[in-house]
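Single-structure report; data block below.
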Amino acid sequence: KKEVMIRYYINGKDIEQYGVYVVGQSGMLSPLRAKERESVSLSNAHGRIYDTTKTYYEERVIELELAFLHDSMAGVDLLRALRAAFSGITRIERRNGYEVLYFDVLWDSYANESFWDWNAGTINIVLKEPNPVKHVYKVVGNYSFTTADKSEGTQDLLLISRGDGTYVEVRAGTHTHTYTDGYTSHIVLISGNIENVTISTSHILLYTILQ
């Protein structure tokens, strides 16, 4: 059964234009999985000693269950185009009314062996979001962000996904970008150890994922 009122987009293109629609998903709305803490077992101490200074998180794993809209060879060509869309980091949007979630993902695998089998009815694909801890901004016009370490030390490296298919890694300073793709607004993702960094900007913060 199709997810009513929920639409999925790949690099701004409705996924149904690739000949499939989303029956269900997992991972998009789930809390992030904590990384295993470093630990040590000492022969002269009970139990085990764990690093409890901070929690870090694994990449987000997303699985999409897709059903076919076509039963002809035209659908095969669309499905090939869907696979080709994931040639590098790909922007996925999940739109549920006014609520929109954004993910920069990499293709991981088919969850089954039936990606090209029309008789299978549905297919499952697995995607991974390598940088799931992030701020999501709406930028109108060109962007400007100023970042600094909260403790006034050396700022952790951040990744800015500019929303036009380009990316840049930054440390402390003022970061600007001039868009040349003809669009008046973009969704910008800033990821990394953002909890350690102060970000100053006039752009609209849509939401933040910290865990």
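Look at VAL76 and say whether it is out of contact with any helix residue (DSSP H, G or I) (no Cβ under 6 Å at 6 or more places or on another chain) and either without any contact (Cβ under 8 Å) to a residue 12 or more places away in the chain or in a helix (DSSP H, G or I) (or both). Against the criterion (out of contact with any helix residue (DSSP H, G or I) (no Cβ under 6 Å at 6 or more places or on another chain) and either without any contact (Cβ under 8 Å) to a residue 12 or more places away in the chain or in a helix (DSSP H, G or I) (or both)), VAL76 qualifies. From the set of residues in segment 174-205 that are among the small types (Gly, Ala, Ser) and at negative phi, which is most open to solvent (accessible area, probe 1.4 Å)? Ranking the qualifying residues of segment 174-205, first place goes to SER202.
Among residues of segment 1-28 being open to solvent by 100 Å² or more (accessible area, probe 1.4 Å) and touching a residue at least 24 places away in the same chain (Cβ under 8 Å), the one that is nearest to GLY88 (Cα to Cα) is GLN17.
A Cβ distance below 7 Å, combined with a sequence gap of six or more or placement on separate chains, defines the contacts here; from segment 45-59, residues that are in contact (Cβ under 8 Å) with a residue 24 or more places away in the chain reach residues that are part of a loop (DSSP other than H, G, I, E, B) and of a type in the set (S, T, N, Q) in the pairs TYR57/GLN211. A Cβ distance below 9 Å, combined with a sequence gap of six or more or placement on separate chains, defines the contacts here; from segment 142-160, residues that are without any contact (Cβ under 8 Å) to a residue 24 or more places away in the chain reach residues that are assigned to a loop (DSSP other than H, G, I, E, B) and not basic (Lys, Arg) in the pairs THR154/ALA172.
Would you confirm, using the coordinates I've provided, whether GLN155 is more than 20 Å from GLU59 (Cβ to Cβ) and either in a strand (DSSP E or B) or at pLDDT below 95 (or both)? Yes. Just one of (1) at pLDDT below 85; (2) exposed (fewer than 10 other Cβ atoms within 10 Å of the Cβ) fails for LEU69. It is (2).
The values are calculated or read from the model by the stated rules, or taken from the named source; none is laboratory data. The structure displayed is predicted, hence computed values, not measured ones. As a convention, Cβ positions derive from the backbone with ideal geometry for all residues, glycine included, and neighbour counts pool all protein chains shown. With ligands, DNA and RNA removed, areas are computed over all heavy atoms of the protein, side chains included. Shrake-Rupley method; radii C 1.70, N 1.55, O 1.52, S 1.80 Å.
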